[in-house]
1. Expected output is a single nm value to one decimal: the length gained when fully extending between Asp81 and Val6, i.e. 0.36 nm times separation in residues minus the C-alpha distance. What is it?
2. Could you state the accessible area per residue of region 154-202 in Å², with a 1.4 Å probe and every protein chain left in place?
3. 5 Å is the cut-off here: which amide hydrogens, built 1.01 Å from N in the peptide plane, fall below it relative to Met60, excluding neighbours closer than 5 in sequence?
4. Measure off 7 Å from each Cα along the Cα-to-Cβ vector at Glu337 and Tyr92, then give the distance between these two points in nanometres to one decimal.
5. Place a point 7 Å from the Cα of Ser122 along the Cα-to-Cβ direction; which residues of region 135-150 have their backbone N under 18 Å from it?
6. So how far apart, in nm, are the two label points at Phe50 and Ser200 if each is 7 Å from Cα heading toward Cβ?
7. Taking Lys173 as the anchor, which lysines have their alpha carbon closer than 28 Å to its alpha carbon, excluding any fewer than eight residues away along the same chain?
8. Top to bottom by accessible area (1.4 Å), largest first, where do Ile54, Ile163, Ile78 land?
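The values are calculated or read from the model by the stated rules, or taken from the named source; none is laboratory data. Note that this is a predicted model, so its numbers are computed, not measured. Glycine also receives a Cβ, built like all others from the backbone with ideal geometry; neighbour counts cover every protein chain displayed. All accessible areas refer to the heavy atoms of the entire protein, side chains included, with ligands and DNA or RNA removed. Shrake-Rupley method; radii C 1.70, N 1.55, O 1.52, S 1.80 Å.
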Amino acid sequence: MVEELVGVVAAVGAGALVYTAAAARVVKQYERGVVFRLGRLHGEVRRPGFTLVIPAVDRMRKVNLQIVTMPVPAQEGITRDNVTVRVDAVVYFKVVDPSAAVVNVEDYRFAVSQMAQTSLRSIIGKSELDDLLSNREKLNQGLELMIDSPAVEWGVTIDRVEIKDVSLPDTMKRSMARQAEADRERRARLINADAEYQASKKLAQAAHQMADTPSALQLRLLQTVMAVAAEKNSTLVLPIPVELLRFLERGAQPGAESAGQSRSAAGTAEESAGQSRSAAGTAEESAGQSRSAAGTAEEEAVDRAQPTDRAEIEERGADLTEQRAVDLTEQAGEAMERLRRAVEQ
């Protein structure tokens with residue numbers, strides 16, 4: 001009897017041990033267990049730790065609650081401004097309702113992947129190229145909302161969506177590079193023009209200050225000479241101060257006035273000389289006329305006079321002609337003397 005009792009106890013113990021081994025389940029900390037009894041959802045979700053199910057009756061499915069990182073394959077599409085691009089992204093999601101993730105959808109991972117691809121294509125068609133390149137935060141938020149809306153029924157929540165890369169055609173890259181280069185050149189020109197404007201204002205202020213204190217200009221000239229001489233160049237350029245030119249200009253004004261007066265006096269002397277020459281010519285013409293008249297009178301007197309008085313008449317005509325010639329010579333000498341004095345002045 002005792003042996004039979006021991007055999008029964010041993011058999012029961014072995015059966016219990018086999019049943020426990022078949023019914024025992026271990027749920028990890030990041031997992032949850034969903035139990036189906038005879039095909040129907042049974043009870044609540046099993047918590048992490050040791051749990052038992054009925055062998056051949058219950059079937060437990062473990063669901064991972066960790067955040068899943070799922071890359072979205074690159075999708076090619078046409079933007080709203082008719083540019084062909086390829087965009088890839090990455091989706092971060094996790095399961096918040098294990099029962100819904102198992103019951104409501106066949107494979108929640110595949111469903112989320114397909115929804116992410118279609119949403120990414122939709123975002124590409126609704127956006128412009130500039131938004132894809134510079135306004136990614138807004139696109140990420142819109143893409144997250146588009147994927148999260150149907151995923152709620154699957155017991156899945158979208159943590160975040162990020163657009164990784166935007167691939168552009170080579171022609172578009174070259175066009176964008178030229179545009180960026182032109183924009184940088186425009187900004188460089190604006191900055192240079194602004195610098196020139198500010199420098200001109202400062203130079204104008206410096207010019208007013210140096211005009212009030214001329215010695216500052218001389219000091220600035222010496223500083224420039226020292227700066228040029230420090231480079232040990234073979235050629236040294238010395239600029240002429242503007243004040244020196246003004247001084248020379250002021251000094252040249254009295255000399256110009258004196259030269260003008262001298263030129264006026266010389267012109268007056270030349271006019272006087274011309275008048276003297278005219279007077280001398282008039283005197284010579286008068287002398288010639290007088291000589292011609294004297295000759296004519298002499299000839300008439302000779303023709304009319306008696307032969308006895310011809311010698312006396314000839315003597316008187318010769319004396320008269322000689323006296324007039326002396327007078328004309330003296331007048332011509334005085335005119336030449338005046339001309340010489342005018343030329344000397």
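1. On the way: separation 75, 0.36 × 75 = 27.00 nm, distance 8.71 nm.
That works out to 18.3 nm of additional length.
2. Averaged over the residues of region 154-202, the accessible area is 76 Å².
3. Excluding prolines and chain starts, which carry no amide H, the hits are Phe36.
4. For the pair Glu337/Tyr92, the computed spacing is 12.5 nm.
5. 138-150
6. 9.2
7. Lys126, Lys138, Lys164
8. The residues order as Ile78, Ile54, Ile163, largest area first.
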